[in-house]
């Protein structure tokens with residue numbers, strides 16, 4: 001039989017542990033609720049502002065190509081996942097610094113620290129939120145952003161060069177672009193009757209075409225018109241006149257496959273890893289490595305910034321003379337870390353440098369966590 005005093009000590013110990021665990025759960029919920037509210041509010045505001053900037057930058061696209069407003073807004077909405085993937089680490093940092101600095105100012109952190117709670121325990125809600133956001137950020141970078149960016153560029157191409165862009169009016173001259181004018185007597189879907197086309201875009205090779213019928217088609221080169229039973233007059237160094245049964249003419253020359261440039265954001269992650277080995281040029285190889293740094297290492301910066309902010313604020317709060325400078329110190333540290341990360345990501349040019357950058361980021365995270373949890 002155990003002595004009565006020993007049983008009492010065990011019961012008191014169990015009660016104390018349960019009490020501490022209960023208090024920690026309450027504190028964690030309290031912190032997480034505050035962090036989630038600030039994070040969601042900031043994310044919505046900053047995403048909305050960035051989206052409005054995107055709309056303004058693409059307004060010329062809307063006016064020049066006569067796109068419907070709903071299609072235009074749908075096109076700009078495809079940029080939202082990419083915008084969110086960029087600002088998540090910054091919003092995480094702002095949420096953590098806002099909540100913890102307010103609680104330090106209100107002496108809530110001081111009271112909790114006086115009740116035997118360590119900086120590591122107080123930082124746990126921020127790290128939990130950052131860990132959840134890291135998973136969400138990985139999902140965005142690896143799957144959602146490449147899919148939405150691919151859809152964005154395809155939709156933009158179709159609206160600019162495809163059949164969706166073409167709206168010919170009956171019995172009227174339509175200027176499709178500078179120097180390209182089309183007249184159509186009747187329009188039935190994409191089928192045209194009594195077509196007249198004047199192409200003066202090339203001063204050395206100006207073409208005028210008359211045809212009984214025409215049909216608009218979308219190809220990899222862009223929008224084309226197939227005309228039947230007509231005549232053609234080409235003027236330049238010499239004038240040529242002739243007739244034809246079928247004539248296929250490009251109205252816009254555009255490369256749908258590459259859209260004029262190598263866009264790594266639209267490439268699925270699995271294909272991007274394959275392109276890392278098969279990139280045809282050193283410039284594309286470097287672009288692929290830079291994009292992989294953003295996709296694979298960017299989400300980890302949520303944890304790095306949250307832990308860094310919590311470590312600076314909580315450790316400084318124990319030293320009252322430095323507490324007032326803690327927010328400025330945290331912001332400066334965040335600016336240095338993110339500037340270094342973005343610069344290093346753009347400078348990576350080999351697999352060795354890519355691996356070294358990942359090792360540095362993980363070492364930085366481990367160092368910040370050590371500083372946060374050391375006694």
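For segment 61-138, the fraction of alpha-carbon pairs lying more than 17 Å apart is 63 percent, rounded to a whole number. Our summary gives segment 172-250 a relative contact order of 21 percent, counting only alpha carbon pairs under 8 angstrom and 6 or more residues apart.
Taking the fewest neighbouring Cβ atoms within 10 Å as the starting point, the ordered list for 118, 282 is 282, 118.
Applying 1/(1 + (r/R0)^6) with R0 = 22 Å to the Cβ-Cβ distance of residue 49 and residue 339 gives a FRET efficiency near 0.50.
As a proxy for reagent exposure, ranking 72, 93, 370 by other Cβ atoms within 10 Å from fewest up yields 370, 72, 93.
Fully extending the segment from residue 77 to residue 128, taken as 0.36 nm per residue of separation minus the present Cα-Cα distance, adds 15.4 nm. Dividing the convex hull volume of the alpha carbon atoms of segment 172-250 by its residue count gives 85 Å³ per residue.
Computed from the coordinates by the stated procedures, all read-outs in this text should not be read as laboratory data. Note that the coordinates shown come from a computational prediction; the quantities given were computed from them, not determined experimentally. Every residue, glycine among them, receives a Cβ derived from its backbone with ideal geometry; neighbour counts consider all protein chains shown.
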